[in-house]
Amino acid sequence: MTTSRRILICDDDDAVRSSLGFLLSKAGYLPNFASKPDDIIRHVGETTFDLILLDMNFSMSISGEEGIALLKHIISLKPDVPVVLITAWGSVELAVRGMKLGASDFVTKPWNNVQLLKIIETSIALSGKRDAHTRVSAVRTRSQDFPGIIGEDHKLLEVLEVIKRVSPTHAPVLITGESGTGKELIASAIHRFSGRKDNPFVKVNLGGIPASLFESEMFGYKKGAFTDAKSDHRGRFERANRGTIFLDEIGDLHLASQVKLLRVLQDQTFERLGDQHSLTVDVRAISATNRDLYSLACAGSFREDLLYRINLIHIEVPPLRQRVGDIPLLAGYFIDQATTTYSIATKTLTGEATEWLCSQSWPGNVRELRNIIERTLLLAKSDVIRSSDFITALPAGKMADMQQTAAAGTLDEMEKHLILETLREFGGNFSKSAEKLGISRATLYRKLEKHGIQISRNE
């Protein structure tokens with residue numbers, strides 16, 4: 001912390017200004033004070049601040065409209081200066097409105113000093129005053145810095161740059177992307193680059209926790225809190241203390257549980273079931289979902305205030321179809337892993353097999369690619385993998401999906417390509433080729449005629 005960080009405290013309550021001033025001075029900041037709207041605007045116009053703490057009410061009115069008007073004016077004067085709003089718990093909706101206008105974060109009264117200092121530190125770190133960072137190179141994407149995250153596509157590199165930049169802060173991060181894109185790997189990387197790396201990384205699948213069990217799972221319980229509570233139980237938040245909690249599938253969380261989660265994320269305090277004493281934790285939250293939380297919020301099935309609490313930093317993980325150039329790298333990586341994991345001989349891909357992988361849409365993304373590569377390696381008899389080996393290894397359901405979604409012309413081309421590859425593999429032997437394809441010789445002849453394939457018979 002440097003003594004040059006200047007913060008403007010805007011509140012009409014003498015006690016609040018005094019309390020915040022003492023807290024910030026002790027933390028190494030330089031507090032400045034303003035108690036009236038006119039003074040606030042004058043200070044902002046005349047002095048350079050690293051952050052502004054802004055109360056939402058400055059008169060007998062408690063609507064918060066004064067605070068909203070001041071926020072707009074401040075942003076118009078100093079758009080790069082982060083503004084943290086101060087509001088009562090019952091006015092969180094007002095704070096969300098302020099964040100939509102450009103505020104960086106909000107705290108509720110009475111605030112938690114430790115949490116407030118983290119919000120201030122994070123807001124300053126993520127503002128326009130952050131230090132320059134070296135661009136992440138493609139080589140580093142395959143280094144030990146990012147184990148399991150493979151690729152050179154610019155979309156992926158941008159994600160890795162964000163990881164490097166935000167990891168040292170306390171900022172809550174929301175990771176979105178389709179199933180199978182590697183959201184958990186991104187969360188793990190953020191934890192590993194943070195100052196919490198030596199402390200727990202606790203993973204929670206919120207979609208798998210019934211609403212009736214949410215409090216006992218997340219906050220724990222005391223012995224005797226209910227019939228089956230035979231001993232004290234530490235919840236996920238308590239186990240994640242001083243570390244990171246990964247809230248996976250947060251879009252599936254029941255509405256009744258969302259307000260309970262919001263409260264602990266806001267105050268970092270909670271009570272175990274059956275215990276009246278509050279516990280305070282120091283936890284960074286990283287959330288992930290494959291759902292559109294903004295649409296859910298508009299539909300009323302996801303709390304807007306929770307969305308803004310978890311979404312200070314948003315990382316969108318690109319689907320595999322948007323970084324096709326990374327497929328050969330991923331395929332090579334998965335082949336190396338599979339040969340070690342399953343103790344099988346090293347196998348190589350032909351050029352046309354790689355082209356086939358790159359031509360697929362992969363709706364299951366990296367997870368689906370890995371699955372088909374492992375299946376093919378285990379089922380293929382040859383040490384050289386062709387596209388026909390991948391197609392043969394496809395699960396029946398997957399082949400049915402391809403047949404339903406692909407255009408007729410595309411299916412015909414795939415069928416023709418598979419027949420030619422199989423005939424080539426068996427040196428034109430029709431009997432062996434038909435057996436490998438799972439069809440009769442008569443059917444094979446009809447398909448040869450259908451596709452205009454002319455080849456000398458070799459029985």
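Listed values [x] 131; [y] 194; [z] 158 include one computed from this model; for volume of the Cα convex hull per residue in Å³ that value carries the label [y]. When the pairs Lys36/Lys164; Lys381/Lys447; Lys164/Lys203; Lys109/Lys155; Lys183/Lys230; Lys78/Lys260 are compared against a 30 Å limit on Cα-Cα distance, Lys36/Lys164; Lys109/Lys155; Lys183/Lys230; Lys78/Lys260 fall above it. With the highest mean first, a sort of the peptides 420-430, 442-452 on other beta-carbon atoms found within 10 angstrom per residue produces 420-430, 442-452.
For every helix of n ≥ 4 consecutive DSSP H residues, a contribution of -39,500 (n - 2.57) applies; sum these over the chain, divide by its total residues, and give [θ] at 222 nm rounded to the nearest 500 deg cm²/dmol. Don't jump to the answer; show the numbers that get you there.
Numbers: 20 runs with 212 residues, N = 459.
About -14000 deg cm²/dmol.
Taking the Cα centre of region 6-125 as origin, work out the dipole magnitude from +1 charges on Lys and Arg Cβ and -1 charges on Asp and Glu Cβ, in debye rounded to 20. Spell out each step's value before the answer.
Details: 11 positive and 15 negative charges, 50 e Å.
Approximately 240 debye in magnitude.
Length gained on full extension, Lys109 to Phe426, computed as 0.36 nm times the residue gap minus the Cα-Cα distance: 106.5 nm. Projecting the Cα atoms of Ala380, Leu369, Leu116 onto the dipole axis of the chain, where Lys and Arg carry +1 and Asp and Glu carry -1 at the beta carbon, places Ala380 farthest toward the positive end. Charge tally around Ile453: other residues with Cβ under 10 Å, Lys/Arg +1 each, Asp/Glu -1 each, net +2. A simple spin-label model places the labels of Arg242 and Ser440 7.3 nm from each other, with each point 7 Å out along Cα-to-Cβ. Taken about its Cα centre, the chain carries a charge dipole of about 960 debye when Lys and Arg each add +1 at the Cβ and Asp and Glu each add -1 at the Cβ. Considering only Thr169, Leu247, Thr181, the residue lying farthest towards the positive end of the dipole of the chain is Thr181, judged by Cα position with unit charges set on Cβ.
How about region 353-396: which trypsin sites (Lys or Arg not before Pro) there lie in a loop by DSSP and see at most 12 other Cβ atoms within 10 Å?
Details: sites: Arg367, Arg370, Arg375, Lys381, Arg386; in loops: Lys381, Arg386.
In loop regions of region 353-396 (DSSP not H, G, I, E or B), the sparsely surrounded trypsin sites (Lys or Arg not before Pro) are Lys381.
Read-outs: derived from the displayed coordinates by stated rules, not from any lab. Bear in mind that the values here come from a model prediction, so they are computed numbers and not experimental data. Every residue, glycine as well, gets a Cβ built from its backbone with ideal geometry; the counts of neighbours run over all protein chains shown.
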